[in-house]
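The values are calculated or read from the model by the stated rules, or taken from the named source; none is laboratory data. The structure displayed is predicted, hence computed values, not measured ones. Cβ coordinates were reconstructed from backbone atoms using ideal geometry, including for glycine residues, and neighbour counts include every protein chain displayed. What goes into the accessible areas is simple: the full protein's heavy atoms, side chains included, and nothing from ligands, DNA or RNA. Shrake-Rupley method; radii C 1.70, N 1.55, O 1.52, S 1.80 Å.
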Amino acid sequence: MSTSQAGLSLDPVTFEVLKNSFITAVDQMAEQVLRTCYSFVIYNRDFSNALNDANGDSIAQGNQDLAAHVGTLHYTCKDVIRVFKGTMKPGDVFMINDPYAGGTHFNDVRLMRPIFVGDEIIAFSQSNGHWSDVGGSVPGSFDVNAREMFREGIRITPVRIVDQGILREDLANMIAANTRDPDSIIGDMRSQIEATRIAEQEILRLVDKYGKDTVVTGFQEVQNYVERATRQRIADMPDGSWETVDHIDRDPALGEGLIPICVKLTIKGDEVTYDFSGSHDTISTLYNSAFGATFSAVVAGMKTYFPDLPLNSGFYRPIKVIAPKDSIVDAPWPTAVTGFLMPFEKIMNSTYEIWSGIMPERAIACTFNQEYLLTGGRDLRDENKPMFMFYDWLPGGWGGRATKDGCNSTTSCFGTGLQAQPVEGQERLSPILANEMEIKRDSGGPGKYRGGAGVVKTSTLREASDAVLSYICDRERAITWGIKGGLPSMPQGLWVKRAETGEKEWLGTIFSDMPIKTGDIFSRPTAGGGGLGDPLERDPNAVMHDVEQDYVSLERAKKDYGVVLKVIDIDLAEYEVDTPATIEERKHIASKRRKWLEEDPAGVAKRYQNGEICELDMVRRYGVIVDWGTGELMPKSTKQFRESVKKRTANYWNDNIINS
């Protein structure tokens, strides 16, 4: 018997059956939500479920639950218990979406049901779904101008939404009436309520079969098992401290300049501490994280390195998080937090970077940044459905890995359970036509192991009026970075081409309530992942294969990898490595690249403005950040970005490389 199983009071067979039955109960909740939800957002898996014990601690979560939710569901369960302890009855269901009580943001609405055996509560089933709109000042409830929560939608502190089996329709209708799509909200609410009943049914079946005491013992044993296993894994690691810093693109109130999120990881014995001291204060937009979301980011990032362990509160017990009050990683009420996913992903990628040093065999470079596009207005196609809500996200590239390239066109680390939404379904529900959605050539960060490729999607607004566009994203300036010599990916952001003028306008990664009209075209790419390892060490034949597959262009093969290809047949994508020219090109790049990172940023920006170099040259060769629409130099951001490139990339280069 392993050390992690040594403390079991249940026999091993019963323990394994119950452990997996608890997870199955949560997965059954997911199936219920998928089959009965109303909104396209939840249908594409922006939801999670959990089973909690009588204290609110997590017993089990589903196999496809979102990383953003996993470490928060026990907090919100405990808050419901705090408010309603001693007054809960069989058939009750409670609702909460409060990020300041351990949740994520207001769109993530949790429904939870106490599970009774006789007069005793033995557990809670919990269903969390992202409602596509919860009110606020803009469609979709993501307002980048929000400094406080009052522009972000309705805040639901713990309420009893079902009273002994009877839906409180007055309360449900009041909540739905504060959104832009009340019919879908009521439908999703009922779907989640029913999902909690499914889990209750399954747990009571187990009680009938094994007895209450055995099942309740199982609740504790699965947590204790995971705690022992996690502590054992941590104890096997060397003691020490490691630290890094990642950045949000900007604080609109402070002008240009990257916003630091500092992470220091310390292993001591069988415990690990994540210390965010030095991170920036809260900022003047929605890109802040309350403590619950920060804790969840730590859990999700660390769990990536222990994929075989089940996830419950046992995993959390050896973890300590230190987050400065009133900071971007511990935002208090009423600070705006709807865009918490931006610091969330920086924390996850920082965690990846640190653990990549501790466990180099599992190393991974930075992943692309999750983005949300929200469009709303009046749908002129159907007078019976005057309002429409288009809520979209895209896959992108993950970072290069220790022994292989990064994953192409994959959902973000923030929500690996998400599905890319089918455009056919979107076009049916909203007056928006997809013109293109395809792999973005040259988007993967160059490295010995290339970052995965991102995508580009272009859409046209059709029969609509009073339509507005909002976009929340990041990595426009704090570009997706490589590690161990790998190069960055590319800037993210959105362009719009106005039907009236035919002019293209760069809107970037953060704006709200931008008016758009019928015929306007909007396009945005997602970045690829960062590269891992020196790109001059990549096998030239692997680069040639990338060109054949259209992941890399002929131009970037030469500029980024120093690989010169002869074109045999362009139509058949047949090429041949020019070995002598490749050797010379790699020597040339190796002799110049450190000097490129020292060139005067103003002069580099001028060359970009004149069309002499492109944005990929800017970030990969020169480390210079500009406004990608006007070409205006961002001196503070450039200084910070260059420091990142030197630390993560240039410090690992071999200047004497002559490999071909």
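Points worth noting:
- Check on residue 201, part of a helix (DSSP H, G or I), out of contact with any Ser or Thr (no Cβ under 8 Å at 6 or more places or on another chain) and either more than 19 Å from residue 28 (Cα to Cα) or not basic (Lys, Arg) (or both): yes
- Verdict on residue 146 being among the aliphatic types (A, V, I, L, M), free of Cβ contacts under 8 Å to residues at least 24 places away in the same chain, more than 30 Å from residue 24 (Cβ to Cβ) and surrounded by 18 or more Cβ atoms within 10 Å (Cβ to Cβ): no
- Exactly one residue among 433, 429, 461 is in contact with a Ser or Thr (Cβ under 9 Å, 6 or more places away or on another chain), open to solvent by 20 Å² or more (accessible area, probe 1.4 Å) and more than 30 Å from residue 295 (Cβ to Cβ), and that residue is 433.
- Test: residue in the stretch 545-556 that is under 30 Å from residue 248 (Cα atoms) and part of a helix (DSSP H, G or I): yes
- When the residues of the stretch 216-251 are filtered to those that are outside any helix (DSSP H, G or I) and of a type in the set (A, V, I, L, M, F, W, C), the one that is least open to solvent (accessible area, probe 1.4 Å) is 248.
- First in the stretch 69-88 and at pLDDT 95 or above, second anywhere and basic (Lys, Arg), Cβ under 6 Å, 6 or more apart: 76/110
- Residue in the stretch 566-581 that is most open to solvent (accessible area, probe 1.4 Å), counting only those that are out of contact with any strand residue (DSSP E or B) (no Cβ under 8 Å at 6 or more places or on another chain) and part of a loop (DSSP other than H, G, I, E, B): 571
- Selection within the stretch 350-366 - part of a helix (DSSP H, G or I) and either more than 20 Å from residue 295 (Cα to Cα) or open to solvent by less than 20 Å² (accessible area, probe 1.4 Å) (or both): 350, 351, 352, 354, 355, 356, 357, 358, 360, 361, 362
- Any chance residue 266 is part of a helix (DSSP H, G or I), of a type in the set (Ser, Thr, Tyr) and in contact (Cβ under 8 Å) with a residue 12 or more places away in the chain: no
- Evaluating residue 563 against the criteria (1) open to solvent by less than 30 Å² (accessible area, probe 1.4 Å); (2) of a type outside the set (Ser, Thr, Tyr); (3) touching a residue at least 40 places away in the same chain (Cβ under 8 Å) leaves one unmet condition, (3).
- Residue check, residue 511 buried (at least 23 other Cβ atoms within 10 Å of the Cβ), in a strand (DSSP E or B) and not aliphatic (A, V, I, L, M): no
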